[in-house]
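One structure is given below, encoded as structure tokens.
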Amino acid sequence: MKISPTFPTSSILSALLCCSIYLASANDEHPYRIFPQRTSKEAAVIEWGHSAIISALDGAVATFGPQTSQGANFEVETTPVLANPIDGVGRKRKNDDESLSNFEREYPGKLKNADEVEGNMVIMTDAAGLSGVTMARIAKESGAAALMVVNTDQNAGDFIYSLEPENDEEAAYAEKYIDIPIVMVSLQAGNVITTAMATDDMDPNDVNKGAGLPERVRLYAGGDRPFFEDAMSGKPMVYLIHNMLTSEECDELVRMADGKYDRVDDTSGVNNYLENTIASERKGEATAINIDRVTLWKGGIAGKLIKDIDERMSQVTGFPAEHFSDFQVNRYKSGSSHNPHFDINPVNGIMASITIFLNDIPDDQGGELVFPSPGDGAGPVIVRPRKGLAVVHHNTDEKYNFDQTTLHQELPLSGDSSAVKYVAKKFVYLNPQPQTVRIMLPLIALPFGGKLPRQFITMQNTLIE
């Protein structure tokens, strides 16, 4: 069955018109949310299973305790155990001795199941509001080999962060005593690992006590492995994938596009449906400012590089590769920008967009990807260009209706005349792409280095119209 999205076009123009007003209104109450906030050095993996079936979670390593750069001193392979009490406190009351520091008064003592925890990875939630160092102290003094903290914020989606000491006393304590790895995982990830081995006939009370946990888990540094960072969990759904492409893959895409660019002209009212260059909502006014673009038609005849990338992107995002467009590569020079727009194709519905930065841009040279009007009532989301970083946003909701909060733009690139930004995009279509698109069009483009002749594109778009 072919799925058709719903596009309320009468409201799209009004959304575009109000965008600049919304951007200008960002203030202290609704400040910009700037990403990425995570880095590869604090990325960890919690993994279980065997060679046939392996499951893994992303974790954020605390700024104290062993770090990913310490290799074997960071890595742990052991049994996961739920803390008792799960939040480290339970019904214990805070020490009321005012002669003690708040850090000492907050410490509730060892876990009830310290004997079971000893030598293993203890899983604890942050529901009691304890500091990261206090939770680490509980784990350490209960004999744990590692601590997994579950972020229980119901509104945080998959957001995780590196726990830090909250004051000098905590920093000094952590420096002296905390020698076990501390990682945070999301609430969703916590639910995944605690039910990993659960079966339908298990008593829920047993699952809540840890019966559904894997027998063994491995904790190790994420390195160059792709990992997620949640930006917005809905309206629109936006998340980042670090290390989506390697540095060498980014460079090769730039090389493949070299010499094939055309300047984008979206002012004529003519749509290029084949290559997802849709005319500006206001005829005569450019949305894409001084942007050079080429679509690299590879499809079903792609070489190893593109096939490897598509397979990885499909595995990481969960989108079937048959729904992917070919890579659209965009080149921005000093002064180039892409004003507020939507990723819409009226004849080939786009469910999601994957934007990948192919080079680094210094923070003072602009070029950020911005979602100016998110539906969560908070401030605009800004993503700074980092080489190999992918930004995924969903253009439709779960019922395939167009989502107006997906309005986005790319800010002007500044700097001298040598400044350049390269961006690769893949569009995830609602329907799998037919063989004519995946085989025939790349074959036609093959003699031209993977670029379709302009006359052919014009003819095809005329037929579509």
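Points to keep in mind about this one:
- Single residue of the stretch 433-465 satisfying the filter (among the charged types (D, E, K, R) and in a loop (DSSP other than H, G, I, E, B)) that is nearest to Arg263 (Cα to Cα): Lys451
- Residue among Val76, Val61 that is of a type in the set (A, V, I, L, M), under 29 Å from Gly109 (Cα atoms), open to solvent by 10 Å² or more (accessible area, probe 1.4 Å) and touching a residue at least 12 places away in the same chain (Cβ under 8 Å): Val76
- Consider the stretch 161-171 and keep the residues that are touching a helix residue (DSSP H, G or I) at 6+ places or on another chain (Cβ under 8 Å), of a type outside the set (Gly, Ala, Ser) and over 17 Å from Arg105 (Cα atoms). The one that is least open to solvent (accessible area, probe 1.4 Å) is Leu163.
- Out of Ser336, Ser325, Ser314, one residue alone is of a type in the set (S, T, N, Q) and farther than 25 Å from Phe228 by Cα. It is Ser336.
- Qualifying position, being more than 30 Å from Gly234 (Cα to Cα) and touching a Lys or Arg at 6+ places or on another chain (Cβ under 7 Å), among Asn84, Asn120, Asn113: Asn84
- Residue check: Ala174 meets all listed conditions (1) open to solvent by less than 10 Å² (accessible area, probe 1.4 Å); (2) touching a strand residue (DSSP E or B) at 6+ places or on another chain (Cβ under 7 Å) but one, namely (2).
- Residues satisfying the stated conditions in the stretch 290-316, i.e. at pLDDT 95 or above and either open to solvent by less than 20 Å² (accessible area, probe 1.4 Å) or touching a strand residue (DSSP E or B) at 6+ places or on another chain (Cβ under 7 Å) (or both): Asn290, Ile291, Asp292, Arg293, Val294, Thr295, Leu296, Trp297, Ile306, Ile309, Asp310, Met313
- Of the strands (runs of 3 or more DSSP E) lying entirely inside the stretch 298-382, those containing at least 2 residues that are among the charged types (D, E, K, R) are 327-341.
- Comparison of Asn84, Asn113, Asn120 shows that the only residue that is more than 23 Å from Glu229 (Cα to Cα) and open to solvent by 40 Å² or more (accessible area, probe 1.4 Å) is Asn84.
- Near pairs, Cβ below 8 angstrom, 6+ apart or cross-chain, from the stretch 453-465 (within 16 Å of Val347 (Cβ to Cβ)) to any residue that is surrounded by fewer than 13 Cβ atoms within 10 Å (Cβ to Cβ) and aliphatic (A, V, I, L, M): Ile464/Val347
- Glu166 vs. criteria touching a Ser or Thr at 6+ places or on another chain (Cβ under 9 Å) and either hydroxyl-bearing (Ser, Thr, Tyr) or in a helix (DSSP H, G or I) (or both): no
- Residue within the stretch 129-150 that is modelled with pLDDT under 95 and open to solvent by 60 Å² or more (accessible area, probe 1.4 Å) present: no
- All positions within the stretch 181-210 that are more than 18 Å from Gly49 (Cα to Cα), open to solvent by 20 Å² or more (accessible area, probe 1.4 Å) and assigned to a loop (DSSP other than H, G, I, E, B): Asp200, Asp201, Met202, Asp203
- Test: residue in the stretch 225-245 that is at pLDDT below 95 and over 26 Å from Glu398 (Cα atoms): yes
Each row is one residue, and each column tells you yes or no for (1) among the charged types (D, E, K, R); (2) in contact with a Pro (Cβ under 9 Å, 6 or more places away or on another chain).
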{"position": "Glu275", "(1), (2)": "yes, no"}
{"position": "Arg282", "(1), (2)": "yes, no"}
{"position": "Ile289", "(1), (2)": "no, yes"}
{"position": "Thr295", "(1), (2)": "no, no"}
{"position": "Gly303", "(1), (2)": "no, no"}
{"position": "His323", "(1), (2)": "no, yes"}
{"position": "Val329", "(1), (2)": "no, no"}
{"position": "Ser334", "(1), (2)": "no, yes"}
{"position": "Met351", "(1), (2)": "no, yes"}
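The values are calculated or read from the model by the stated rules, or taken from the named source; none is laboratory data. Here the structure is a predicted model, which means the values were calculated and not measured. Note that we place each Cβ from the backbone using ideal geometry, even for glycine, and neighbour counts take in every protein chain shown. Surface accessibility is based on the protein's heavy atoms, side chains included, excluding ligands, DNA and RNA. Shrake-Rupley method; radii C 1.70, N 1.55, O 1.52, S 1.80 Å.
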